[in-house]
Amino acid sequence: MTNIPLVDLRAQQAEIAAEVEPLILDVLRGAGFVGGPHVAAFEAAYAEYVGVGHCVGVANGTDAIELALRVVGVGAGDEVIMPANTFIATAEAASRIGARPVPVDVDPDHLLISPDAVAAAITEKTRAIVPVHLYGQVAPVEALTPIAAAAGVPIVEDAAQSQGARRHGRAAGGLGAIAATSFYPGKNLGASGDGGAVTTNDADLAARVRLLANHGSAVKYRHEAIGMNSRLDAIHAVTLAAKLARLEDWNERRRQAAGRYATLLDGVRGLRLPRPMPGNSDVWHLYVVRVEDRDRVLAELNAAGVGAALHYPDPWHLTPAYAGHGYPPGSCPVAEEAAGEILSLPLYPHLTGDQQEQVATALVKVLGGP
């Protein structure tokens, strides 16, 4: 068996190389490294793709979440409700502005934020609800909307893993008051390094994000607020524009790969396969199965050359970073149980059917047969 990586960025780069390399050379020759026409063009194109009025490119996805929270009024001492099953960056973004991230549990089938858990967690200190569109799915934002409205708080989407995903025909990143996304290279839409964006239909919020991301300055050396340095680089914008033009095709290839896995692994004992939530058109950023004795299964798959991985081994509220935060084991039982079972299999647009058959064969063997 040849080694099969979790994700193959070289294949993506090879597909866009002839288009982007001359443009990157132009950026280097012109020395217009930060912002500029390439960034503006990509921002406009991505806003149109998501179906919103505004996109502001920033330095990374964590900054994007922080900026989105800041512009909707979240500050020190406020509470931000979010799922326990997410990358720690979602919580970090709230913590960095002095807010308190509040973990809530997820549904057992899709591991997305539970609206019932959100409703139970609302307090007078709640200032935002952050649904996370995890694994390329879209969280049930329509079920959160009346909860948010009753509490008088905005919905701030974490759309870092869901570029191109839709719920009831509407794109992730355009369902709440404002949204954050990440263009980390491994995402469905990845830059040539770190990058991110904030999307919204609110012109005032977009302008505020752009101000804060540029040291609180709209006019050079006039600083209206204490901001930060978080801007999208031109080289990344060139890469992102080329990949955006291919994103629908690449996402469709991901859907086809997910379908092949579902066929190859159907009925395997000891294996729980992912299923789309009704109303979703998922983009399969990750193909996450659930198994018992997960750590052994992962180790044996890796030893067999299958680049399986964990997303994520611990809910963020149980990491050492949040020890003593007030949410002990048992706070989010569904997410905590799933964290010991989840396993991400290789999935990317250029994954071949033969490679998937090798992955499936190895997994079935590790699990002890069909």
Mind checking which of THR86, THR145, THR123 has the largest fluctuation in a GNM of the chain, springs on alpha carbons under 10 Å?
-> THR123
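Suppose every K and R has +1 on its Cβ and every D and E has -1 on its Cβ; what is the size of the dipole of segment 279-328 about the Cα centre, in Debye to the nearest 20?
Details: 3 positive and 6 negative charges, 13 e Å.
It comes to approximately 60 debye.
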Where is the GNM fluctuation largest for the chain (alpha-carbon springs, 10 angstrom cutoff): VAL118, VAL289, VAL132?
-> VAL289
Using alpha carbons only: equivalent-ellipsoid semi-axes of segment 190-338, gyration tensor based, whole Å | 38, 24, 16
Along principal axes, Cα extents of segment 237-317, largest first, whole Å = 42, 32, 26
With a ≥ b ≥ c taken as the square roots of the eigenvalues of the C-alpha gyration tensor of segment 1-46, please select rounded if a/c is under 1.5 and otherwise prolate if a/b is larger than b/c or oblate if it is not?
-> prolate
Divide by every residue of the chain the summed helix terms, -39500 (n - 2.57) for each DSSP H run of at least 4, and state the resulting mean residue ellipticity at 222 nm, rounded to the nearest 500 deg cm²/dmol.
-> -12000 deg cm²/dmol
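How big is D for the chain, in µm² s⁻¹ as a whole number, if Stokes-Einstein is applied with the Kirkwood radius of its Cα pairs at 4 °C and 1.567 mPa s? Don't jump to the answer; show the numbers that get you there.
Working: Rh = 21.1 Å.
Estimated via Stokes-Einstein, D reaches 61 µm²/s.
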Comparing ALA119, ALA150, ALA94 in a Gaussian network model of the chain (Cα, 10 Å), the one with the largest mean-square fluctuation is ALA150
Return a whole-number percent for the relative contact order of the chain, with Cα pairs under 8 Å and 6 or more residues apart as the contact set.
-> 22 percent
Determine the distance separating the Cα centre of segment 213-241 from the Cα centre of segment 294-355; give it in Å without decimals.
-> 34 Å
Using the Cα gyration tensor of segment 2-161, the equivalent ellipsoid's semi-axes, largest first and to the nearest Å, work out to 34, 20, 14
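Using the Kyte-Doolittle scale, find the helices of the chain whose mean hydropathy is at least 0.0 and whose Cα atoms extend 27 Å or more along the helix's long axis, counting only whole DSSP H runs.
9-30
For segment 107-253, what is one quarter of the convex hull surface built on the Cα atoms, given in nm²?
Mean orientational projected area (segment 107-253, Cα hull): 10.5 nm².
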Relative contact order (%) - segment 68-226, alpha-carbon pairs under 8 angstrom, separation at least six = 16 percent
Compute the relative contact order of segment 253-370 as a whole-number percentage, counting only Cα pairs closer than 8 Å that sit 6 or more residues apart in sequence.
-> 39 percent
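Taken together, the values in this text are just the output of simple stated rules run on the coordinates, not laboratory data. It should be emphasised that the depicted structure is a prediction, and the values quoted were computed from it without experimental measurement. Reconstructed Cβ throughout: ideal geometry from the backbone, glycine too, with neighbour counts over all protein chains shown.
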